[in-house]
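Nothing in this text is a laboratory measurement; each read-out follows from the coordinates by a stated rule. In this text, all values refer to a predicted model and were calculated from it rather than measured experimentally. Neighbour counts are summed over all protein chains in view; Cβ atoms, including those assigned to glycine, are modelled from backbone coordinates with ideal geometry.
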Amino acid sequence: NAGVTQTPKFQVLKTGQSMTLQCAQDMNHNSMYWYRQDPGMGLRLIYYSASEGTTDKGEVPNGYNVSRLNKREFSLRLESAAPSQTSVYFCASLGTGGSEQYFGPGTRLTVT
Amino acid sequence: AQSVAQPEDQVNVAEGNPLTVKCTYSVSGNPYLFWYVQYPNRGLQFLLKYITGDNLVKGSYGFEAEFNKSQTSFHLKKPSALVSDSALYFCAVSPVSGTYKYIFGTGTRLKVLA
């Protein structure tokens, strides 16, 4: 039981490049989330998917797109990376509302 | 606007002393409340949660948290701190029961000194 997995662990991009961050969970959870963590800012929600087939914007969605590929997988895409997107990205999943979220190990992204 | 506040960026405590990490929230209704811990270069790990019932909630690693509805607070506590408790702690709130959006505080770094 791997829980929540994320790939890659580290990535360096040049401004304007694109990439997709992958996330998968094996807990049969309905809801999945993408957050970014920046010093002094805590965790900010980028997008979430309450259930398979639905996605919604969070607090900071600009510059990102998401795909809920199936119940297990939720990807985050940066179409044209900017230095302001340098951050640590966390994926999380949730079984039912009011439960605790389970977090992946994170992806450290640097945009130069 | 709904929010979660962790007023201290850092808390220093001597090993063996009690610790408190503060959290207050501004959310309507009866929210669910959570504490998570993050060790360096790791994801967040769940510590404990308050849904309803007893105001004192016990969680992992000897941590507990006290819910105070009148003060809208949910402070994390431990009777005797360990050096290994040094980490980043996040308070989180789920504003409405059944909702799927959680609001996180900015985090408090706990440093336990030997």
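DSSP bridge analysis restricted to chain B gives an antiparallel fraction near 85%, rounded to the nearest 5. Label separation (A:E52 vs B:Q71): 4.6 nm, computed from points 7 Å beyond Cα along the C-beta direction.
Legend: calculated FRET efficiency, A:V12 to A:N70, from the Cβ-Cβ distance at R0 = 41 Å, rounded to 0.05, equals 0.90. Shielding of peptide B:28-37 by partners, expressed as the average count of other chain Cβ atoms within 10 Å per residue Cβ, is 1.
Put a dot 7 Å past the Cα of B:E64, heading toward its Cβ, do the same for A:T86, and the two dots end up 4.5 nm apart. Between B:E15 and A:T96, the distance separating the two model label sites (each 7 Å from Cα on the Cα→Cβ line) works out to 4.2 nm. Cross-link partners for B:K22 among the lysines, with Cα-Cα distance under 24 Å and sequence neighbours closer than 8 places in the same chain left out: B:K49, B:K58, B:K69, B:K77, B:K78, B:K101, B:K111.
Taking amide H atoms as placed 1.01 Å from N in the peptide plane, the amide H of A:T86 lies under 5 Å from those of A:V111, each 5 or more residues away in sequence or on another chain. Sorted ascending by nearby beta carbons within 10 Å, beginning with the fewest, B:F104, B:F34 become B:F104, B:F34. Counting Cβ atoms of other protein chains within 10 Å of each Cβ in B:40-48 and taking the mean gives 5. When each of the peptides A:43-50, A:82-89 is scored by how many other beta carbons lie within 10 Å of its residues on average, the order from highest to lowest is A:43-50, A:82-89. When the Gaussian network model of chain A links Cα atoms closer than 10 Å, the mean-square fluctuations of A:L78, A:L69, A:L21 top out at A:L69. Shielding of peptide A:85-96 by partners, expressed as the average count of other chain Cβ atoms within 10 Å per residue Cβ, is 1. Place a label point 7 angstrom from the Cα of A:A2 along the Cα-to-Cβ direction, then list the residues of region A:67-82 whose backbone nitrogen is under 20 Å away. Correct set: A:67-77.
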